[in-house]
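Following: one structure in structure tokens, then a few remarks.
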Amino acid sequence: MMLVLLGPPGAGKGTQAKRLENLRGLVQLSTGDMLRAAVAAGTELGRKAGAIMQRGELVPDDLVVGLIAERLDAEKDVSGFILDGFPRTIGQAEALDELLQSRGLQVDRTVVIDVDDDALVERITGRFTCASCGEGYHDRFKRPQVDGVCDKCGATEFKRRPDDTEEVVRSRLEAYHAQTKPLIGYYSKQGKVRAVNGMADIEMVQKEIDQALDAA
Ligand code: AMP
């Protein structure tokens with residue numbers, strides 16, 4: 001199964017991808033996570049991508065396509081992939097089709113998680129994670145039970161993404177509407193798109209995604 005998760009930043013793609021990994025034995029490929037790792041490691045790619053990410057713009061197609069190609073080849077014996085945050089432009093989608101074709105694969109399903117822009121700004125600017133185990137929290141919707149202490153592992157350090165400020169989130173949303181949304185049409189023409197309501201509570205979103213994946 002080759003699943004593309006589409007949706008604006010903060011729609012819950014990462015959360016849903018992690019759940020599907022555990023449930024269905026798929027491997028999540030998140031270009032955002034890969035780029036953040038490159039920035040943290042100070043690699044050449046990280047230096048090129050870091051400033052662009054900080055502005056909320058998209059990094060050049062060839063850089064992210066290269067990352068995905070490497071990972072597709074590195075993962076063996078898996079039942080499939082969840083592409084989270086990739087492709088994000090028509091050029092990336094075309095490059096992906098070529099990469100997959102040459103490996104005898106194709107995109108099987110595209111799930112679009114729809115959320116209103118205003119809800120996204122509130123969701124993203126309030127989110128933070130445990131610096132130790134990565135558990136996710138939110139200033140309004142999910143505070144740790146004991147202030148300053150991670151519910152899951154007891155650590156006391158938390159972090160926020162540097163691109164989760166309101167100004168950068170607005171740029172990221174602009175990039176989504178201008179460059180990524182056209183992919184809904186691209187995959188619709190191939191009959192692969194199912195949309196789910198990302199404004200619903202998390203269990204309902206999960207249920208709708210499961211139905212979208214299990215539908216013929
Ligand atoms: P994300 O974690 O998916 O929200 O991605 C964070 C940032 O990484 C984005 O705002 C972009 O700057 C960059 N990025 C991640 N994936 C891609 C991609 N497929 N194409 C271009 N830029 C990307």
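The values are calculated or read from the model by the stated rules, or taken from the named source; none is laboratory data. As the structure is a computational prediction, the values presented were derived from the model and not from experiment. So basically every Cβ, Gly included, is an ideal-geometry build from the backbone, and we count neighbours across all protein chains shown. For accessibility, only protein heavy atoms count, side chains too; no ligands or nucleic acids. Shrake-Rupley method; radii C 1.70, N 1.55, O 1.52, S 1.80 Å.
The apolar share of the surface of the chain, taken as the fraction of accessible area on carbon and sulfur atoms (1.4 Å probe, ligands and nucleic acids excluded), comes to 50 percent. Ranking Val111, Ala155, Gly42 by how far each Cα lies toward the positive end of the dipole of the chain (charges on Cβ) leaves Ala155 at the top. Measuring nothing but how far apart in sequence close Cα pairs (under 8 Å, 6+ apart) lie, relative to its length, the chain scores a relative contact order of 29 percent. Between the helical axis of 44-54 and the longest alpha-carbon principal axis of the chain there is an angle of about 70 degrees. Convex hull volume of the Cα atoms of region 7-60, normalised per residue: 96 Å³.
On a per residue basis, region 1-84 carries 44 Å² of accessible surface, using protein heavy atoms and a 1.4 Å probe.
The distance separating the Cα centre of region 51-115 from that of region 151-183 comes to 19 Å.
To the nearest 10, the accessible area of Phe128 is 20 Å² with a 1.4 Å probe. Expressed to the nearest 5 percent, the antiparallel share of DSSP beta bridges inside the chain is 30 percent.
May I ask for the angle, rounded to the nearest 10°, between helix 31-41 and the longest principal axis of the chain, with both axes built from Cα atoms and the value confined to 0 to 90°? Computed tilt is about 60 degrees. Pair-distance distribution of the chain: all C-alpha pairs, bin width 5 Å, starting at 0; shares per bin in whole percent are 1, 6, 14, 19, 20, 19, 13, 6, 2, 0, 0.
A Cβ-based charge dipole, computed about the Cα centre of the chain with Lys and Arg at +1 and Asp and Glu at -1, lands at about 140 debye. Taking the C-alpha atoms only, the angle from helix 90-101 to the longest principal axis of the chain is near 60 degrees.
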